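A short worksheet on the structure shown next.
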Amino acid sequence: MAANSSEYIQHHLTNLTYGQKADGTWGFAQSAEEIQEMGFMSINVDSMAWSVVLGVVFLLLFRAAAKTATAGIPGGVQNFVEMVIEFIDDITQSIFQYKSTVIAPLALTIFVWVFLMNAMDLVPVDWIPELALLMGVPYMKVVPSTDPNITMGMALGVFGLVIFYSIQQKGAVGFFKELALHPFPSIIAIPINLVLELVTLIAKPLSLGLRLFGNMYAGEVIFILIALMFSGGLGLLFAFGGVLQWMWAAFHIIVITLQAFVFAVLTIVYLAQAHDVDEH
């Protein structure tokens, strides 16, 4: 446990980072100062590791449900998986009016994966970081969606698909015309149109990634602040912290689900717009 509240909060909000240190050597950062010195020559190992682990959990869960699927009365796992698939499929069909074998599976993957990453916020904040300390690992953040590198990486992936499908459906010339001739259909207004449309285009991945990061980061900070109440031992503050912990966790279930849903739905919306030749 950190010596004071400030150090405690900083420890829980610091990633396990591997990169090039100031002296030119490579290794894990042992302090926040070393992480800042590494800059872009670094990677948040904990965020990447937990993202991969949760992605594997998603694959194994759905694969198990598919292998044990039965035409009779479904079991708990199969029933849950079918419910999620049908829910995402209905949402996709209501928004995306084009034929595609990619969009619905993509939306399903995003929804479940982001939900699992968000759900790690429900694990008590001290359990895994303290276990990591006992094993000699200085830092361990377990909620990948509180790392902007993860959320923006996913958002940029969606943005790449938006550009790809826009060019595929409209052609390079058609895509450029969409940017250059809207909202003002005049050659003279092309510079203004390009500025307006490019800002709108770039705002899509920024809002997509930063919205998820901001909401989940704020939730994590609240969990950490509540956990500070337990550091004083038994007493009224300890009991109040316990009540708050359960109340916030119950409310946070709605938050983590809603954020996963919003990310998936906006992905469908953006890809539908990319297919819509007559969007404007």
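Descriptive notes on the structure:
- Boolean, S47 is of a type in the set (G, A, S), at pLDDT below 95, surrounded by 15 or more Cβ atoms within 10 Å (Cβ to Cβ) and out of contact with any Cys (no Cβ under 8 Å at 6 or more places or on another chain): no
- First in region 6-33 and surrounded by 13 or more Cβ atoms within 10 Å (Cβ to Cβ), second anywhere and of a type in the set (D, E, K, R) and modelled with pLDDT of 95 or more, Cβ under 6 Å, 6 or more apart: N15/D46; N15/K141; L16/D46
Let's see how each residue does on (1) modelled with pLDDT of 95 or more; (2) in contact with a strand residue (DSSP E or B) (Cβ under 8 Å, 6 or more places away or on another chain); (3) within 26 Å of L201 (Cα to Cα):
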{"position": "L106", "(1), (2), (3)": "yes, no, yes"}
{"position": "F111", "(1), (2), (3)": "yes, no, yes"}
{"position": "A119", "(1), (2), (3)": "yes, no, no"}
{"position": "W127", "(1), (2), (3)": "no, no, no"}
{"position": "M135", "(1), (2), (3)": "no, no, no"}
{"position": "P138", "(1), (2), (3)": "no, yes, no"}
{"position": "V142", "(1), (2), (3)": "yes, no, no"}
{"position": "P148", "(1), (2), (3)": "yes, no, yes"}
{"position": "G153", "(1), (2), (3)": "yes, no, yes"}
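- Single match in G160, G174 (criterion: in a helix (DSSP H, G or I), surrounded by fewer than 16 Cβ atoms within 10 Å (Cβ to Cβ), on the phi < 0 side of the Ramachandran plot and modelled with pLDDT under 95): G174
- Looking across region 118-147, just one residue is in contact (Cβ under 8 Å) with a residue 12 or more places away in the chain, in a helix (DSSP H, G or I) and farther than 18 Å from V53 by Cα, and that is E130.
- Every test in (1) within 29 Å of H275 (Cα to Cα); (2) in a helix (DSSP H, G or I); (3) of a type in the set (F, W, Y) is passed by Y8 save one, and that test is (1).
- Members of region 63-101 found to be at pLDDT below 95, outside any helix (DSSP H, G or I) and surrounded by 11 or more Cβ atoms within 10 Å (Cβ to Cβ), listed by number: T68, A69, P74, G75, Y98, S100
The values are calculated or read from the model by the stated rules, or taken from the named source; none is laboratory data. Small disclaimer: the values here were computed from a predicted structure and weren't measured. When we count neighbours, we look across all protein chains shown, and the Cβ atoms used for this are built from the backbone with ideal geometry, even at glycine.
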